[in-house]
Amino acid sequence: MTTRQAEGYDIPAVEAWIAANVKGLEPPFQWTRLQGGHSNLTYALEDVGGRRAVIRRPPQGELLPRAHDMSREWALISALGPTAVPVPEALAFCESPEVTGAWFYLMSLVEDARPLYSAADTRAWVAADARTRLAHSFIDVLAELHCLEPDELGLGELGRKEGYVARQLQTWYRSWTASQEAAGFDDPRAHQMQRFFLDNQPQQGPARIVHGDYGLHNCLVGADGAVAAVVDWEISTLGDPLADLAYALNPWPDPADAVAVDPEAATGGGGFPPRSELAQRYARRTGADLAQLDYYVGFNGWKTAAILQGVYARYRQGKKSAQDADLDLLRRRIVEALDFAERAVNRLTGGDAGKHG
């Protein structure tokens, strides 16, 4: 909805700052709230001459340390702009919270492109004969990202380069155990598989930029079916690119799957090449050895279960309003994520994942 009101923004102060610091944009603007973006307050701006941009700041209220990090996003899109990884153009960054209570930044608005959240979005925007192109573009962009040398881009200090999976295993296992009592729910596989993943970690290769949430919901897809830009870089860091790859591949369908992709998911509407083809395409473009890919597939399933269990616990504690939440469905999704992880571990070991705790 177009408006002259915007949550979290002092419009006169922000527009005065833009007028003084950004060439080519002339206030006053029309402000249009954009969906998605991890609760960050994201608006499209249109100036008096019809020129458009996007402004983005963290949500209001107290935030966890390093959450909703606008400076991280700004650093990434600024560094990636000259590379083959498509991102919006970085326009300006304001690190003076006096302007509107938080850091914010402006980037270009990518025209005629949109994220895909559901099968309905895909059907409405991507013709059936363009879906192979979309899948190939999606995996090619990730391959380009993982081929970049962070130090050469000035991003060598973005995060610790070693031990990416081990740190994630520790973080999300703490989350599972801390949420266990409030959730009123436990599953022995969460503990068994955490130990399995710790004890069987593949050796990490050179650290690369990992997006952390790479999917069609964070890609702006052009009308031609190609990825026009990647957005939402706030949890990006340095780490193991194969963990990033497995996360990105998990929602894509494959005939060999024991359980089909959710038909309502963005990748569930048909017409896409199999996930195994996308994995091999990635391997050809990067030279990556995918012999242990199922380790990373299982790790991501286990991590998803831990994240969902934490959300479930907060609902049960009343820390999140459960008015519109389906708690039974959320609990089933925790179990389904562990099922998914268990199948991946069984493919690796040829046996029962529970025996590998």
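Here are a few things to note about the model shown:
- Exactly one residue out of G222, G310, G269 is more than 15 Å from the chain's Cα centre (by Cα), under 30 Å from F104 (Cα atoms) and modelled with pLDDT under 95: that is G310.
- Some residue of the range 48-68 being farther than 22 Å from G212 by Cα, in contact with a Pro (Cβ under 9 Å, 6 or more places away or on another chain) and surrounded by fewer than 19 Cβ atoms within 10 Å (Cβ to Cβ): yes
- As for the range 32-54, it holds no residue that is in a helix (DSSP H, G or I) and closer than 22 Å to L245 by Cα.
- Among (1) surrounded by 14 or more Cβ atoms within 10 Å (Cβ to Cβ); (2) modelled with pLDDT of 95 or more; (3) not small (G, A, S), the one test that Q180 misses: (2)
- Residues satisfying the stated conditions in the range 313-345, i.e. at pLDDT 95 or above and either outside any helix (DSSP H, G or I) or polar (S, T, N, Q) (or both): none
- Qualifying residue in the range 145-165 (condition: assigned to a helix (DSSP H, G or I), surrounded by fewer than 17 Cβ atoms within 10 Å (Cβ to Cβ), on the phi < 0 side of the Ramachandran plot and without any contact (Cβ under 8 Å) to a residue 24 or more places away in the chain): yes
- Some residue of the range 128-142 being closer than 28 Å to R52 by Cα, part of a helix (DSSP H, G or I), among the small types (G, A, S) and without any contact (Cβ under 8 Å) to a residue 12 or more places away in the chain: no
- Any chance Y247 is under 19 Å from V165 (Cβ atoms) and either in the same structural domain as Y164 (by TED's automatic domain parsing) or at pLDDT 95 or above (or both): yes
- Pairs are defined by a Cβ separation below 7 Å, a sequence spacing of at least 6 or placement on different chains, a first member in the range 69-95 that is within 24 Å of S39 (Cβ to Cβ) and touching a residue at least 24 places away in the same chain (Cβ under 8 Å), and a second member that is in a loop (DSSP other than H, G, I, E, B) and of a type in the set (G, A, S); the pairs so defined are R72/S236; L76/S236; V87/G81.
- Just one of the listed residues (L134, L142, L106) is modelled with pLDDT of 95 or more, touching a strand residue (DSSP E or B) at 6+ places or on another chain (Cβ under 8 Å), more than 30 Å from G8 (Cβ to Cβ) and not polar (S, T, N, Q), namely L134.
- Residues of the range 280-315 that turn out to be over 19 Å from W172 (Cα atoms) and either in contact with a strand residue (DSSP E or B) (Cβ under 8 Å, 6 or more places away or on another chain) or in contact (Cβ under 8 Å) with a residue 60 or more places away in the chain (or both), as a count: 6
The values are calculated or read from the model by the stated rules, or taken from the named source; none is laboratory data. Since we're looking at a predicted model, the values are computed, not measured. Positions of Cβ are backbone-derived with ideal geometry, glycine not excepted, and every protein chain shown enters the neighbour counts.
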